[in-house]
Amino acid sequence: MATWNSRGLRGSTLEDMINYTNEYYRDKKLALVQKIPTPIKPLKIDKDSSQITLAYFEKDSTVDYIGTVQGIPVCFDAKECATDTFSMQNIHEHQYKFMSDFEEQNGISFLIIYFKERNSFYYMRFKELKEYVDRINEGHAKVFKYNELETKYFLKGKNGALVHYLEGLQLDLSERDE
């Protein structure tokens with residue numbers, strides 16, 4: 001059973017930036033996307049502060065975010081990478097399965113990967129994620145490198161959207177239509 005210590009999981013920079021972007025999108029009526037909390041069961045609570053100090057994960061979560069963009073259902077997960085090599089072990093089987101099922105229901109699934117060392121954000125289409133999973137199943141390494149990624153899917157901040165993933169989504173949708 002996985003446990004969580006309150007000193008271990010703190011708000012990540014990437015999630016803070018995506019949450020800010022989602023508020024911006026909501027204010028501009030561009031999208032309505034919410035962070036999905038991970039269900040936990042508290043084991044210890046500090047009596048003075050009423051804060052949870054020890055808990056365990058009740059069940060596997062799905063993805064970090066879910067919502068709609070101009071009537072299009074979207075779900076995505078946010079991942080951080082300290083180097084130019086991303087380990088596919090960061091993507092859990094239940095997350096991949098949820099994203100696959102979401103795509104089968106005509107939703108759009110993707111990852112936002114933050115390469116911390118480069119301060120660079122990448123929109124990874126589900127199609128591309130599936131190609132890396134298939135590659136692993138063929139016996140290749142369980143990683144991919146920064147330089148393997150398509151440059152057109154790197155995201156830039158714009159007009160108050162710190163992680164402007166709507167541009168990646170628009171490109172993804174246009175390529176699906178081809």
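The values are calculated or read from the model by the stated rules, or taken from the named source; none is laboratory data. None of these values were measured; they are calculated from a predicted model. Heads up, the Cβs are rebuilt from the backbone with ideal geometry, glycines too, and the neighbour counts pull from every protein chain shown. Accessible surface is based on the protein model in full, side chains and every heavy atom, while ligands, DNA and RNA are left aside. Shrake-Rupley method; radii C 1.70, N 1.55, O 1.52, S 1.80 Å.
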Contacts under 9 angstrom Cβ, first residue in region 19-30 being closer than 16 Å to residue 71 by Cβ and loosely packed, with under 14 Cβ neighbours inside 10 Å, partner of a type outside the set (Phe, Trp, Tyr) and at pLDDT below 95, 6 or more apart: 28/159; 28/160; 28/161
Filter pass, residue 3 being at pLDDT 90 or above and open to solvent by less than 90 Å² (accessible area, probe 1.4 Å): no
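How many of the residues making up region 80-113 are in contact (Cβ under 8 Å) with a residue 24 or more places away in the chain and open to solvent by 20 Å² or more (accessible area, probe 1.4 Å)? Write out each step before concluding.
The first filter runs over region 80-113 and keeps only residues in contact (Cβ under 8 Å) with a residue 24 or more places away in the chain, leaving 80-89, 91-92, 94-96, 98-100, 102, 105-113.
Those left that are additionally open to solvent by 20 Å² or more (accessible area, probe 1.4 Å): 80, 82-85, 87, 89, 91-92, 94, 96, 98, 100, 102, 105-106.
Count: 16.
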Pairs, first more than 9 Å from residue 86 (Cβ to Cβ) in region 134-149, second polar (S, T, N, Q) and assigned to a helix (DSSP H, G or I), C-beta under 9 Å, six or more apart: 142/89
